[in-house]
1. Arg78 versus (1) among the charged types (D, E, K, R); (2) touching an Asp or Glu at 6+ places or on another chain (Cβ under 8 Å); (3) closer than 23 Å to Ala19 by Cα: which is the lone unmet condition?
2. Enumerate the pairs (first residue in the range 27-47 and farther than 30 Å from Ala293 by Cβ and in the same structural domain as Ala361 (by TED's automatic domain parsing); second residue anywhere and of a type in the set (Gly, Ala, Ser) and at pLDDT 95 or above) with beta-carbon separation below 8 Å, excluding pairs fewer than 6 apart on the same chain, so at least 6 apart or on different chains.
3. Condition check: touching a Lys or Arg at 6+ places or on another chain (Cβ under 6 Å) and under 24 Å from Ile214 (Cα atoms). Does Gly103 satisfy that?
4. For Leu310, which of the numbered conditions (1) surrounded by fewer than 15 Cβ atoms within 10 Å (Cβ to Cβ); (2) out of contact with any Asp or Glu (no Cβ under 6 Å at 6 or more places or on another chain) fails to hold?
5. Name the residues in the range 137-178 that are over 18 Å from the mean Cα position of the chain (by Cα), within 24 Å of Lys105 (Cα to Cα) and among the polar types (S, T, N, Q), would you?
6. Confirm whether Val158 is farther than 24 Å from Phe378 by Cβ and among the hydrophobic types (A, V, I, L, M, F, W, C).
7. Given the condition within 24 Å of Ala25 (Cα to Cα) and either assigned by TED's automatic domain parsing to the domain that holds Ala150 or part of a strand (DSSP E or B) (or both), answer yes or no: does some residue in the range 350-360 qualify?
Amino acid sequence: MRRCAMRYARWTSVVEPSATLAVVARVRQKVEAGVKVFNFGAGEPDFLTPKVIRDAAHRAIEEGKTRYTPAAGIPQLRQAFAEKMNSLYGVDVDGENVVVTAGAKQALYAALRAVCEPNMEVIVPTPCWVTYPEMVKLAGGVPVLVETKAENGYVLDVDAIESAVTERTCAVIVNSPNNPTGAVYGREVLEGVVELARRHNLALISDEVYDRLILEEGLEHTTPFALGRECVFSAFSCSKTYAMTGWRLGFGVGNKEWVRYCGRLLAQSTSNACSVSQYAALAALREGDEDAARMRKEFVRRRNLMCRLLNEAGMRYVRPQGTFFLLLDVTDWIGGRSAGGAQITDDEAFAKALLEEASVAVVPGRPFYAAGRVRLSFACSQEDIEAGIASLVRFVESIRR
């Protein structure tokens, strides 16, 4: 019998696997082996989904709300999120400006697919979430990376973005509050990016999943959609705000034509987001803000604790203004050797040795285009932060050059 020689698409050889999921897998292996791991690699809140949301999901199941919904989401949820945009950010939209997706990642990808032709360029400021460049490749585009600087707080440089624009540029992706840096972009910076998009007829795709996790007093979230709705598509999520990562429920907000194209893509790929998750999200929007505020306050306390401990240890980082992440500079230890004999050749070797020898999980900076850094999450208990940072400090003190 003749064997079939399978030929796979080109993207399978150019799209990288998820570095954050790889860390999760290694941590799981150690935990299953009975090892206590201080997990600073987590990309999700450690809180239980609030009871009001869980109860709404139970009711939806008991009431038989388990069938297909419209591909773009149930109308009442689309309208509820439109009203939330109005109450939070003064944006006058209705349900037809909103598409409900299986997490914000799907909203971002659908928006990108609607504007990106093969071999067109998409500008991605770095450090960035590991998925953006790979998502651009999946859409057939070419990611063009524009670096932001630690000495400037990792804030966007609009002039640098403009310098990267070519005749093949179709879109710019921005993310504030930013994963992995924790930077929050001010209104003036975002106005500059929106004006740039208008000037060059570009799409501006804005990832705002941490919009409710601004931790610095005196700062507030600005959604680029409010500044340029004709060219901006904003993605939001229940995952971080309401501790609903596994429910896979996100929102895209854009002009009605863009949203219709996204809905068309969903209809021919995944169909609707989980019906039960949609009804749970409806309860979150209507009744979950008190729980969201409580969780945010705890993240502020954890951020302050981690920063204090790192300061006491003399470590270098940029204080995060939002999210639950920070980037730690580990360049002082690259080139050294750990007490366990590991050669610290780069941030990936640092992260690997740290997990093996000190049971502290972090994510290497390289996948975020932040070489020489590692990402720490403070989405864990204060007790784990104290013990984990102590273990991290002992590890770096053991490194010899």
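1. The single condition Arg78 does not satisfy is (3).
2. Lys30/Ser359; Val35/Ser359; Lys36/Ser359
3. Values: touching a Lys or Arg at 6+ places or on another chain (Cβ under 6 Å): yes; under 24 Å from Ile214 (Cα atoms): yes.
When the stated conditions are applied, Gly103 passes them.
4. Looking at each condition in turn, Leu310 falls short on (1).
5. Of everything in the range 137-178, just one residue is over 18 Å from the mean Cα position of the chain (by Cα), within 24 Å of Lys105 (Cα to Cα) and among the polar types (S, T, N, Q), namely Thr169.
6. On the way: farther than 24 Å from Phe378 by Cβ: yes; among the hydrophobic types (A, V, I, L, M, F, W, C): yes.
In short, yes.
7. Taking the range 350-360 first, the residues within 24 Å of Ala25 (Cα to Cα) are 350-360.
Filter again for either assigned by TED's automatic domain parsing to the domain that holds Ala150 or part of a strand (DSSP E or B) (or both), leaving 360.
There is at least one residue in the range 350-360 that is within 24 Å of Ala25 (Cα to Cα) and either assigned by TED's automatic domain parsing to the domain that holds Ala150 or part of a strand (DSSP E or B) (or both).
The values are calculated or read from the model by the stated rules, or taken from the named source; none is laboratory data. Please read these numbers as outputs of a predicted model, since none were measured by experiment. Because the Cβ atoms are built from the backbone with ideal geometry, glycine has one as well, and the counts that use them run over all protein chains shown.
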